[in-house]
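The values are calculated or read from the model by the stated rules, or taken from the named source; none is laboratory data. Only a predicted model underlies this, so the values are computations on that prediction, with no experimental measurement involved. Reconstructed Cβ throughout: ideal geometry from the backbone, glycine too, with neighbour counts over all protein chains shown. We work out accessible area using only protein heavy atoms, side chains counted, and drop any ligands, DNA or RNA first. Shrake-Rupley method; radii C 1.70, N 1.55, O 1.52, S 1.80 Å.
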Amino acid sequence: MPLPPKRSPQSEIQKPICIVDDDESVSDSLQALLETFGFKVQSYGSGSGFLADERHRAAGCLLIDQHMPGTSGLDVVDNLRKEGIQIPTMLISGRLDASTRQRATLLGVCELLDKPVAPGRLMQAIRTMLAEVE
């Protein structure tokens, strides 16, 4: 059942939500959903592409896949933390094992979601993360 469009508070819209996922169909569907709710979105097909783009420093939050070729999602988060960048982060994956969950917790990942992510659950998690930042 599709969710009705909602207007997001202006503070949520100001900073983009960055999506990092090597699966273009997942990235496209997440972007379409978030834009329906009024969010500004930037998508990246790889962790290295995200890190290479200086705009990542201005992200409002990060939705990142764990299992990607090259740099994994948690490797990207580790890189950000080493740079002193504390973007609220949600890790999404089809395979979240105990060691991945533990490492995510140690790196300060706010939310861990299994794919496929229900739209309502995703929106709730994003709103919670953004509310905690304000």
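Miscellaneous remarks
- The listed residue being in contact with a Pro (Cβ under 8 Å, 6 or more places away or on another chain), modelled with pLDDT under 95 and acidic (Asp, Glu), out of GLU132, GLU83: GLU132
- Members of region 37-47 that are at pLDDT below 95 and part of a helix (DSSP H, G or I): none
- Qualifying residue in region 59-73 (condition: at pLDDT 95 or above, open to solvent by 70 Å² or more (accessible area, probe 1.4 Å), out of contact with any Lys or Arg (no Cβ under 7 Å at 6 or more places or on another chain) and of a type outside the set (Lys, Arg)): no
- The residue that is modelled with the highest pLDDT, counting only those in region 91-119 that are open to solvent by less than 40 Å² (accessible area, probe 1.4 Å) and part of a helix (DSSP H, G or I), is ALA104.
- Qualifying residues in region 50-90 (those that are touching a strand residue (DSSP E or B) at 6+ places or on another chain (Cβ under 8 Å), of a type outside the set (A, V, I, L, M, F, W, C) and part of a helix (DSSP H, G or I)) - the one nearest to VAL117 (Cα to Cα): GLY73
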